[in-house]
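Have a look at the structure below before the remarks.
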Amino acid sequence: MKKKLNQIAKDTNLFLKRYIRNQKKTDLIVPMKYGLFPGGKKIRSKILFDIGQLFNVNYQSLIKVGAAVECIHAYSLIHDDLPCMDNDSLRRGKKATHVKYGESTAVLAGNSLLTMAFEILTDKKFLLNEKAKVELIKKLSECAGHIGIAGGQYSDLDFENKKISKNKIIKMQVKKTGKLFSFCCIAPLIIKQKNKKDIKKFDELGSNIGLIFQIADDLIDYSGDAKKVGKRTRKDKKKGKATLISLLGYEKTIKYVNSIKLKLINKFENYGSKSKHINETINYILSRTK
């Protein structure tokens, strides 16, 4: 599992470094690279490859889509850390981008990574059916905007220090985190031009994988070691964040997330031995400590 994860991370970062090297040099390149590299564990990209294996999608095509996903993810983290958002000074074991380069530069670097994701998908060297390209861009745009990451972040901030229902918390976390995982699950099907029914099915599977990831993050924040995690922990409680832990308690949240995991694994069993990799990734998401 870790060997494959590391290989995907290496190949994705290599592609992104080469892509940026060929861009016109500007003053924003340095802070953009700071927020993008070395990057996290690339779990979203791993999900993309796991689903890609189910449908025999070309590895290099997945690398390019994964690179676009990582740009979106990095942009969202840079903006999430801003003082006007979650006000975090550490990210992935180093100073947050706004601490290193200033708030205005961090905003512009994040914006630039957001738009670079779509540059990657529209690149002439990305040899893909034009209809599939347009659909990938449409879906990734939705994941990044007000019905996805941005909308989820808005709700996350709006819900602070309020009593929020379980359904609303789940809906918020699916938008904030789950939507990008959904994209990673449906992108291989879009590339292979599968029917809408199958795409909808994998969209829902992706939302649940993303929900598991977010709950795992909340559990790490609740009990994790800041030095190991690479960012502040126990901040959700201090800020009055609406999480399933704050609503259900630690133990019940663990039971709830494990029930989602079992349902997911059962659904992927229909794909036989090919489902081994996605199931390993789902288990890894819940077993991680950072």
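I'd like the full set of residues that are assigned to a helix (DSSP H, G or I) and without any contact (Cβ under 8 Å) to a residue 60 or more places away in the chain, limited to region 187-207. Spell out the reasoning first.
Of region 187-207, the ones assigned to a helix (DSSP H, G or I) are 187-191, 196-207.
Once the filter is applied, which keeps residues that are assigned to a helix (DSSP H, G or I) and without any contact (Cβ under 8 Å) to a residue 60 or more places away in the chain, region 187-207 yields ILE190, LYS196, LYS197, ASP198, ILE199, LYS200, LYS201, ASP203, GLU204, SER207.
May I ask you to say which residue of ALA9, ALA67, ALA109 is assigned to a helix (DSSP H, G or I), closer than 17 Å to PHE181 by Cα and either at pLDDT 95 or above or not aliphatic (A, V, I, L, M) (or both)?
One residue alone meets the criteria, ALA67.
Test ILE29 against the criterion of being within 21 Å of PRO188 (Cβ to Cβ), modelled with pLDDT of 95 or more, surrounded by 14 or more Cβ atoms within 10 Å (Cβ to Cβ) and not charged (D, E, K, R), and give yes or no.
Criteria not met by ILE29.
Looking at region 245-282, which of its residues are free of Cβ contacts under 8 Å to residues at least 40 places away in the same chain, of a type in the set (D, E, K, R) and closer than 15 Å to ASP50 by Cβ?
GLU269, LYS276
Any residue at all in region 163-176 that is more than 18 Å from ILE285 (Cα to Cα), at pLDDT below 95 and in contact with an Asp or Glu (Cβ under 8 Å, 6 or more places away or on another chain)?
There is no residue in region 163-176 that is more than 18 Å from ILE285 (Cα to Cα), at pLDDT below 95 and in contact with an Asp or Glu (Cβ under 8 Å, 6 or more places away or on another chain).
How many residues does region 161-218 hold that are of a type in the set (A, V, I, L, M), within 19 Å of ASP80 (Cβ to Cβ) and under 14 Å from the mean Cα position of the chain (by Cα)?
5
How about region 28-48: which of its residues are part of a helix (DSSP H, G or I) and over 21 Å from ARG288 (Cα atoms)?
Of everything in region 28-48, those that are part of a helix (DSSP H, G or I) and over 21 Å from ARG288 (Cα atoms) turn out to be ILE29, VAL30, PRO31, MET32, LYS33, TYR34, GLY35, LEU36.
In region 220-230, is there at least one residue being within 25 Å of SER155 (Cα to Cα), hydroxyl-bearing (Ser, Thr, Tyr) and either part of a helix (DSSP H, G or I) or under 17 Å from the mean Cα position of the chain (by Cα) (or both)?
Looking through region 220-230, at least one residue is within 25 Å of SER155 (Cα to Cα), hydroxyl-bearing (Ser, Thr, Tyr) and either part of a helix (DSSP H, G or I) or under 17 Å from the mean Cα position of the chain (by Cα) (or both).
Residues of region 103-118 being free of Cβ contacts under 8 Å to residues at least 24 places away in the same chain and surrounded by 13 or more Cβ atoms within 10 Å (Cβ to Cβ), which ones? Can you show your working first?
Filtering region 103-118 for residues free of Cβ contacts under 8 Å to residues at least 24 places away in the same chain gives 103-104, 115.
Residue satisfying the conditions is GLU103 alone.
Scan region 239-285 residue by residue and report those that are small (Gly, Ala, Ser) and under 20 Å from the mean Cα position of the chain (by Cα).
Across region 239-285, the qualifying residue is only ALA242.
Against the condition modelled with pLDDT of 95 or more, in a helix (DSSP H, G or I) and under 28 Å from VAL30 (Cα atoms), how does GLU135 come out, does it pass?
So GLU135 fails the test.
The values are calculated or read from the model by the stated rules, or taken from the named source; none is laboratory data. The model shown is predicted, which means the values in this text are computed figures rather than measured ones. Every residue, glycine among them, receives a Cβ derived from its backbone with ideal geometry; neighbour counts consider all protein chains shown.
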